[in-house]
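Notes for the one structure printed next.
The values are calculated or read from the model by the stated rules, or taken from the named source; none is laboratory data. No experiment lies behind these values; they were computed from the predicted model shown. As a convention, Cβ positions derive from the backbone with ideal geometry for all residues, glycine included, and neighbour counts pool all protein chains shown.
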Amino acid sequence: MEEGSSFQDLFANLLRKLKDADKVAYVSEHFTPAHNVDDMFSFLWSLEEAHQLLTPRISRAEKSETKAEKFRAEGNKCYQKKLLDKALELYNQSIVFAPHPEIKIEKCPDGKINTTSNERQEDLVSEGQGTSCCTSEKEEGYKALALGYANRSAVLFELGQYEKCICDIDYALLHGYPKILHSKLAERKAKCLIALQRRNEAKSLIESSLEALDALALDEEKTKLSRSNLQSLSQQLDKKFIDIHPNTKYKLLFSFENPSPPKLSDHNPTIPALSRSVDLAFSSTQGRYLIANKDIKPGDVIAVEDAYSKVVHLDSSLHNHCTECLARCLTPVPCPICSKVIFCSAACRMRALASYHGPECDILTSLAVLDIGKNSVLACRIISQTTFSQLKNVVPVYLAESAEKPPASLGFDGAGKYISSDYRTIYHLVGNKQSRSVSDLFKRCAMAFVLVKLLEQTSRFFVDAAGVAFTPSVGDIILTGSTLFIHMMNLPCNAHSVTEFRININNYQQSVTSEIGCGAYGVMSLTNHSCNPAAARFTFGATEVLKAVRFIPAGTEVTDSYGEHYCVQREESRIASLLQQYYFKCACEPCRHHWPTYCGLLEECMLKCVSCNNPIDFIGGKCSKCNLDYTKTSRSEKFNVITYNWMEVVVQLKRIKEEFDLAYKGVIAGNNSTENINKLCEFIEFIDRTQVLEDHQLMVCVVFKAGSTTWNSILAHRYNNTEVLKTKEFYKLLEVLNPTKERFQEVSRSPLFLKALMARHPLDRLLSAYRDRIEDQTHVTSQAREYGPQILRHTRGLRFESHASFNK
């Protein structure tokens with residue numbers, strides 16, 4: 001492999017080699033849906049060409065004292081110019097690159113993490129119980145690391161981040177900050193304690209620091225300034241108010257928050273990440289899916305799940321998000337080995353080092369160079385987190401489950417529970433192997449091959465239960481590779497994005513949601529797609545929350561969006577995109593009934609029947625299908641439903657709409673008050689309960705399409721008279737008809753309007769094209785897009801004329 005080669009380069013070289021050797025057909029025979037993953041990976045591993053051309057070089061992100069000093073020097077220049085945000089970034093880089101003491105982590109028999117005393121001390125620093133200034137015995141330590149923390153503490157003090165400043169001071173002392181300079185840190189820390197109203201601690205610190213200065217036995221001139229500053233600060237402690245002003249220029253720098261996710265009030269007994277209001281169902285056509293067992297209102301929390309595994313994208317997100325919890329972090333602690341990742345705390349660092357980051361540490365840079373895709377990085381994280389010794393124990397069990405258990409029960413453990421932290425929930429996710437092409441299977445197998453080659457070159461993945469490295473056998477390689485191959489197929493169909501919301505304080509409407517990583521969620525992956533989803537996902541770091549965004553009646557499916565939505569994407573585009581990635585042809589309501597995008601939505605109020613969900617005729621006040629009366633509230637014994645007075649509902653709709661408009665304007669302006677949110681949810685629920693949603697099929701129902709294949713026959717059926725199309729009046733109207741938008745609106749009141757449209761030859765083709773767009777997605781015309789919504793608007797107007805005008 002050439003240094004810096006991407007996976008696409010490696011794969012292209014392999015394909016070229018196989019083609020030159022006339023082996024393409026031979027290799028292709030071994031990559032079909034009929035072959036199992038073990039056989040496919042085993043075959044690829046046996047190919048000499050694969051080893052020659054798919055073996056990447058390890059590229060490590062090593063520590064560098066030279067780089068650490070360089071970043072710190074640049075940070076000092078920015079600090080002197082009071083460019084505090086730039087200085088903070090540079091000091092962060094200095095800390096990340098600085099050599100770091102080893103952190104040895106061992107797992108106790110009970111599964112808890114046992115650390116060295118040094119790491120426990122770092123943990124205490126994070127908890128605000130750090131080393132006292134001027135009392136640390138460490139003189140010779142990790143100077144670049146200590147100086148980086150000390151300098152960053154100065155920036156944090158000026159930014160008013162006093163708790164963080166104290167932590168950095170303690171880290172600096174812990175890693176060997178020069179004793180002669182301890183008093184400077186003591187003064188800074190004392191000011192932080194005073195600002196935090198912890199004056200007794202500040203007093204004790206000042207006293208101990210003055211004693212430590214005496215013990216240093218230095219020339220009095222060298223300690224005079226430090227002693228004077230500490231004594232002056234001590235004298236101010238008795239004052240009611242001490243003037244400590246943070247720099248306000250960068251007050252928004254730390255204005256972000258990592259909010260905590262909501263809690264489920266009542267858990268599903270077998271799937272704890274789900275609400276009790278939701279059950280798991282299964283069908284041969286839909287697979288596993290979620291269904292409401294009671295009415296769910298907009299805003300209700302349906303599921304809360306921690307990711308089984310998650311990764312930060314290998315881009316700029318890696319430099320300001322914790323690789324363990326994915327929280328945004330501007331004051332990171334570094335990995336002790338590599339300079340590639342950051343952590344928001346010593347606790348997150350310990351969890352990562354005790355789990356996946358050991359094997360991953362050596363190969364992250366190589367993964368970034370390979371540009372092999374986010375799902376490959378996530379797959380690597382999953383098996384590193386699970387560990388090879390556990391894979392060897394559980395994969396044979398999971399393979400047996402796949403062969404013996406019905407699809408509906410896959411992912412459930414022996415106790416009948418579906419637990420998000422159980423690897424089997426991720427292993428058994430659908431990968432659509434049977435629908436994949438030979439080329440797709442071969443490429444994904446090659447990705448798994450490259451990942452195994454990387455893991456083989458590190459000494460931290462192929463280790464036994466005691467953590468001792470060993471040389472893997474071919475069987476070990478096949479087990480690892482085939483497992484990665486499975487994830488190369490199931491993650492593109494199931495992995496979820498992890499996002500953060502970035503608020504534009506100058507224009508709230510320009511705030512954006514940005515993807516920072518992705519994760520594997522066993523429960524969230526059970527939701528099916530709809531282009532008009534009933535629920536939406538939100539991420540809180542690595543925790544994902546599913547909330548209802550519509551009213552979901554009991555017995556209906558809880559759907560999510562896989563990224564395609566009818567309001568903003570055309571039907572043919574949505575269907576093609578979903579088919580390409582997820583291997584199903586979308587048959588949700590907007591796709592079945594050909595809903596228009598947002599721009600083509602109609603504004604008419606159409607109330608629906610509580611029995612059959614069809615529109616109510618405003619003229620007669622009855623359902624157009626089952627004839628239920630909606631002129632008053634009454635109970636129908638025949639259909640066992642209670643109807644409503646449609647005029648009262650229209651009045652109620654007007655009131656709720658006015659409240660919604662005010663609340664919506666407030667939210668858009670940044671006022672996310674509980675009152676505003678409740679008004680939005682109330683409006684959404686009311687609309688879902690009472691309104692017929694936008695439905696292209698309604699048009700053809702209104703004109704009684706009934707299997708007709710031409711618009712002329714549709715009209716003939718609508719008016720029950722084929723002769724009317726040949727009348728003198730009809731042709732008289734036809735002579736003056738000009739199909740412009742303005743003329744379209746002007747003449748659309750005529751009862752013969754549609755008849756004229758059908759007969760005019762050029763427009764007849766237009767309407768046929770529009771009909772074809774509904775029935776055949778390959779026929780689309782720009783004119784059809786322009787006139788289609790207006791044709792719908794006219795036909796909906798005819799609906800409210802009922803049949804009375806034609807039966808007189």
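Enumerate the pairs (first residue in region 620-636 and free of Cβ contacts under 8 Å to residues at least 12 places away in the same chain; second residue anywhere and not aliphatic (A, V, I, L, M)) with beta-carbon separation below 6 Å, excluding pairs fewer than 6 apart on the same chain, so at least 6 apart or on different chains.
Pairs that qualify, where the first residue is free of Cβ contacts under 8 Å to residues at least 12 places away in the same chain and the partner is not aliphatic (A, V, I, L, M), are K622/D629; S634/T643.
How many residues are closer than 30 Å to C329 by Cα, small (G, A, S) and either assigned to a strand (DSSP E or B) or at pLDDT 95 or above (or both) if we restrict to region 522-547?
Looking only at that region, the number is 4.
Here is a yes/no grid of residues against (1) touching a helix residue (DSSP H, G or I) at 6+ places or on another chain (Cβ under 6 Å); (2) modelled with pLDDT of 95 or more; (3) part of a strand (DSSP E or B):
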{"residue": "G475", "(1), (2), (3)": "no, yes, no"}
{"residue": "G481", "(1), (2), (3)": "yes, yes, no"}
{"residue": "L484", "(1), (2), (3)": "yes, yes, no"}
{"residue": "L491", "(1), (2), (3)": "yes, yes, no"}
{"residue": "T499", "(1), (2), (3)": "no, no, yes"}
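So in region 20-57, with the set limited to residues that are small (G, A, S) and assigned to a helix (DSSP H, G or I), which one is surrounded by the most Cβ atoms within 10 Å (Cβ to Cβ)?
A50
Of the numbered conditions (1) surrounded by fewer than 19 Cβ atoms within 10 Å (Cβ to Cβ); (2) closer than 25 Å to K433 by Cβ, R574 satisfies every one except a single condition; which is it?
All conditions are met except number (1).
Just to be sure before I move on: is Y566 touching a Cys at 6+ places or on another chain (Cβ under 8 Å) and at positive phi in the structure I sent?
no
How many residues does region 625-647 contain that are surrounded by 12 or more Cβ atoms within 10 Å (Cβ to Cβ) and among the charged types (D, E, K, R)?
3
Take region 529-580 and flag every residue that is within 24 Å of A281 (Cβ to Cβ), of a type in the set (S, T, Y) and within 19 Å of the chain's Cα centre (by Cα).
Hits for region 529-580 are S530, T559, S561, Y562.
Limited to region 269-318, what total is found for residues that are under 23 Å from E515 (Cα atoms) and not small (G, A, S)?
Total meeting the criteria: 13.
Does any residue of region 332-341 turn out to be of a type in the set (G, A, S) and within 14 Å of G541 (Cβ to Cβ)?
Within region 332-341, none of the residues are of a type in the set (G, A, S) and within 14 Å of G541 (Cβ to Cβ).
Can you report the number of residues in region 160-186 which are assigned to a loop (DSSP other than H, G, I, E, B) and crowded, with 24+ Cβ neighbours inside 10 Å?
Total satisfying the criteria: 2.
Scan T331, T365, T323 and give me the residue that is under 22 Å from E102 (Cα atoms) and without any contact (Cβ under 8 Å) to a residue 60 or more places away in the chain.
Exactly one of T331, T365, T323 is under 22 Å from E102 (Cα atoms) and without any contact (Cβ under 8 Å) to a residue 60 or more places away in the chain, namely T323.
From the set of residues in region 403-434 that are of a type in the set (S, T, N, Q) and either touching a strand residue (DSSP E or B) at 6+ places or on another chain (Cβ under 9 Å) or surrounded by 13 or more Cβ atoms within 10 Å (Cβ to Cβ) (or both), which is farthest from P492 (Cα to Cα)?
S409
Residues A34, A12, A25: which one is of a type in the set (A, V, I, L, M, F, W, C) and more than 34 Å from the chain's Cα centre (by Cα)?
A25
Select from region 322-336 the residues that are touching an Asp or Glu at 6+ places or on another chain (Cβ under 8 Å) and modelled with pLDDT under 95 and list them in ascending order.
R328
Going through Y582, Y598 one at a time, which residue ends up being hydroxyl-bearing (S, T, Y), surrounded by 15 or more Cβ atoms within 10 Å (Cβ to Cβ) and either on the phi < 0 side of the Ramachandran plot or modelled with pLDDT of 85 or more (or both)?
That would be Y582, the only listed residue that is hydroxyl-bearing (S, T, Y), surrounded by 15 or more Cβ atoms within 10 Å (Cβ to Cβ) and either on the phi < 0 side of the Ramachandran plot or modelled with pLDDT of 85 or more (or both).
Which ranges mark the strands (runs of 3 or more DSSP E) fully within region 284-350 that have 3 or more residues being buried (at least 22 other Cβ atoms within 10 Å of the Cβ)?
301-306, 309-312
Scan region 58-69 and give yes if some residue there is basic (K, R), buried (at least 18 other Cβ atoms within 10 Å of the Cβ) and in a helix (DSSP H, G or I), otherwise no.
Checked against the condition, which is being basic (K, R), buried (at least 18 other Cβ atoms within 10 Å of the Cβ) and in a helix (DSSP H, G or I), region 58-69 yields no hits at all.
Do you know which residues across region 398-411 are within 15 Å of G287 (Cα to Cα) and under 28 Å from the mean Cα position of the chain (by Cα)?
The answer is P407, A408, S409, L410, G411.
Of the residues that sit in region 406-451 and are in a loop (DSSP other than H, G, I, E, B) and of a type in the set (G, A, S), which one is nearest to F7 (Cα to Cα)?
S437
Tell me which of these E515 doesn't satisfy, since it passes every other one: (1) in a strand (DSSP E or B); (2) buried (at least 19 other Cβ atoms within 10 Å of the Cβ).
The failed condition is (2).
Out of everything in region 5-19 that is closer than 16 Å to S439 by Cα and in contact (Cβ under 8 Å) with a residue 40 or more places away in the chain, what residue ends up being surrounded by the fewest Cβ atoms within 10 Å (Cβ to Cβ)?
Among them, the one singled out is Q8.
Within region 260-278, can you find the residues that are touching a strand residue (DSSP E or B) at 6+ places or on another chain (Cβ under 6 Å) and either surrounded by fewer than 15 Cβ atoms within 10 Å (Cβ to Cβ) or in a loop (DSSP other than H, G, I, E, B) (or both)?
Listed by number, the residues that qualify are P261, P262, L264, N268, A273, S277.
D362 passes all but one of (1) farther than 30 Å from L680 by Cα; (2) of a type outside the set (K, R); (3) within 22 Å of the chain's Cα centre (by Cα); which number fails?
(3) is the only condition that D362 fails.
For region 388-402: of the residues being surrounded by 15 or more Cβ atoms within 10 Å (Cβ to Cβ) and either in contact (Cβ under 8 Å) with a residue 40 or more places away in the chain or of a type in the set (D, E, K, R) (or both), which is farthest from A352 (Cα to Cα)?
E401
Looking at region 638-710, what helices (runs of 4 or more DSSP H) fall wholly within it and have at least 2 residues that are of a type in the set (A, V, I, L, M, F, W, C) and either more than 24 Å from P615 (Cβ to Cβ) or at pLDDT 90 or above (or both)?
Hits in region 638-710: 646-668, 674-690.
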